[in-house]
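Worksheet for the structure shown next.
The values are calculated or read from the model by the stated rules, or taken from the named source; none is laboratory data. These figures come from a predicted structure and were not determined experimentally. Glycine also receives a Cβ, built like all others from the backbone with ideal geometry; neighbour counts cover every protein chain displayed.
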Amino acid sequence: MSKTDLVEKIAAQANLTKADAERAVNAFISAVTASLKDGQDVTLVGFGTFTTGDRAERQGRNPQTGKTITIAAKKVVKFRPGKALKDSVGA
């Protein structure tokens with residue numbers, strides 16, 4: 001599902017215009033991004049939790065040359081689904 005598809009579904013289900021639904025989706029993405037940048041987890045009960053974690057520096061290979069390279073450490077975003085989401089998808 002693309003962002004456009006999501007906006008259309010939200011607009012239909014919430015009886016909003018597509019423009020209002022798109023503003024809501026953009027605001028949600030912005031709020032989650034800002035919270036994660038500030039080091040705060042975002043928990044949506046029943047849906048899941050967005051967190052950040054550290055990925056350590058590691059060795060990799062350049063697929064074109066086969067040469068060993070060092071991949072720098074960085075922060076990554078993780079998502080842990082909630083029980084209700086797991087149950088509804090798995091059913």
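Values for this structure:
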read-out: The stretch 38-75, residues that are of a type in the set (K, R) and either in a strand (DSSP E or B) or in contact (Cβ under 8 Å) with a residue 60 or more places away in the chain (or both); value: R55, R58, R61, K74, K75
read-out: The listed residue being over 13 Å from the mean Cα position of the chain (by Cα), surrounded by fewer than 11 Cβ atoms within 10 Å (Cβ to Cβ) and of a type in the set (K, R), out of K9, K67; value: K67
read-out: Conditions (1) aliphatic (A, V, I, L, M); (2) exposed (fewer than 13 other Cβ atoms within 10 Å of the Cβ); (3) part of a loop (DSSP other than H, G, I, E, B); number of the one not met by A31; value: (3)
read-out: Where a residue in the stretch 13-24 is without any contact (Cβ under 8 Å) to a residue 60 or more places away in the chain and its partner, wherever it lies, is charged (D, E, K, R) and surrounded by fewer than 13 Cβ atoms within 10 Å (Cβ to Cβ), with Cβ under 9 Å and at least six apart; value: A21/K9; E22/K3
read-out: Yes/no for A91 being aliphatic (A, V, I, L, M) and at pLDDT 95 or above; value: no
read-out: V77 under 20 Å from M1 (Cβ atoms), surrounded by 13 or more Cβ atoms within 10 Å (Cβ to Cβ) and β-branched (V, I, T); value: no
read-out: Members of the stretch 34-47 found to be closer than 22 Å to K74 by Cβ and either surrounded by 11 or more Cβ atoms within 10 Å (Cβ to Cβ) or among the small types (G, A, S) (or both), listed by number; value: A34, S35, L36, G39, Q40, D41, V42
read-out: Matching residues, the stretch 18-28, being farther than 21 Å from F50 by Cβ and loosely packed, with under 11 Cβ neighbours inside 10 Å; value: A19
